[in-house]
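Here's the structure we're looking at; comments come further down.
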Amino acid sequence: MFETIIRNPLFRGLKIEETEELFEKGLYQIKKFKTKDIVALQGEPCNNLMIILDGTVQGQMVDSSGRLIVIEEISAPFAIATAFIFAEKNELPVSVVALKDCEILFVRREVFTDMLQKNKTVLLNYLTVISNRSKFLSDKIHFLTFRTIKSKIADFLLKRSIEAGSQTIILEETQQELADIFGVARPSLARTFKEMEDEGLIAIERKKMTLLDVSRLKKVAM
């Protein structure tokens with residue numbers, strides 16, 4: 001367990017022995033979740049530090065119209081909703097669902113507060129983490145709100161292409177899952193993919209997508 005914890009950004013720079021001292025016996029709980037289990041519901045109080053020891057979860061938000069929007073996926077060894085633990089209104093902004101079988105460490109807020117007071121490294125790491133989260137959420141709002149569907153798709157495909165090291169990528173997500181990521185209706189997504197294909201920006205062969213004109217896609221993504 002502690003080999004995973006020290007890879008979490010909150011505990012970066014600590015040795016295993018130092019981490020073991022912070023996690024006193026009985027002051028934490030490990031829970032297991034099966035694929036598609038709900039780990040936490042949108043609107044619930046966030047009273048625990050939740051560190052993923054194994055597996056992957058997805059943050060999902062339902063807007064006022066009932067539309068599902070995927071905010072992000074988080075895998076071990078990262079933590080869930082760290083920025084909301086000490087908020088005045090510390091309600092979870094998303095529902096957290098297990099994408100794979102998961103093992104998650106729960107540490108009560110009071111215990112985590114004690115860790116921050118005891119260890120300056122953990123405190124500074126926490127400040128860095130929540131600052132980075134603020135930047136991520138700001139970028140996500142911009143992505144979902146101020147961009148066209150086409151620019152969202154272009155940005156997404158360019159990032160996937162960089163990760164794959166190729167202009168041809170395989171999309172594992174279903175069209176509905178992609179629509180949830182972009183925060184749009186599935187028919188709108190399908191129309192935009194067809195439009196981009198007609199414009200010669202991409203070529204689609206089932207789940208395989210080839211970026212035909214990277215320079216134009218970069219302009220669309222801006």
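The values are calculated or read from the model by the stated rules, or taken from the named source; none is laboratory data. Keep in mind that what you see is a predicted model, and the values were worked out from it rather than measured. Please note: Cβ atoms are built from the backbone with ideal geometry, for glycine as well, and neighbour counts cover all protein chains shown. Each accessible area value is taken on the protein alone, full model and side chains, heavy atoms only, with ligands, DNA and RNA left out. Shrake-Rupley method; radii C 1.70, N 1.55, O 1.52, S 1.80 Å.
Of all residues being farther than 15 Å from Val62 by Cα and in a loop (DSSP other than H, G, I, E, B) in segment 162-190, which is most open to solvent (accessible area, probe 1.4 Å)? Just the residue, please. Here the residue is Glu172. Have a look at Thr210, Thr121 and point out the one that is of a type in the set (Ser, Thr, Tyr), modelled with pLDDT of 90 or more and either within 30 Å of Phe23 (Cβ to Cβ) or touching a helix residue (DSSP H, G or I) at 6+ places or on another chain (Cβ under 6 Å) (or both). Result of the check over Thr210, Thr121: Thr121.
Cβ separations smaller than 9 Å between residues 6+ apart or across chains give the following pairs from segment 190-213 residues that are without any contact (Cβ under 8 Å) to a residue 60 or more places away in the chain and on the phi > 0 side of the Ramachandran plot to residues that are aliphatic (A, V, I, L, M) and not in a helix (DSSP H, G or I): Gly200/Leu212. Filtering segment 12-26 to residues that are assigned to a loop (DSSP other than H, G, I, E, B) and either open to solvent by 70 Å² or more (accessible area, probe 1.4 Å) or within 22 Å of Leu124 (Cα to Cα) (or both) leaves Arg12, Gly13, Leu14, Lys15, Phe23, Glu24, Lys25.
Against the test of being assigned to a helix (DSSP H, G or I) and in contact with a helix residue (DSSP H, G or I) (Cβ under 8 Å, 6 or more places away or on another chain), the options Lys218, Lys194 yield a single qualifying residue, Lys218. A single entry from Ala81, Ala87 fulfils the requirement of being within 14 Å of Pro9 (Cα to Cα) and not charged (D, E, K, R): Ala81.
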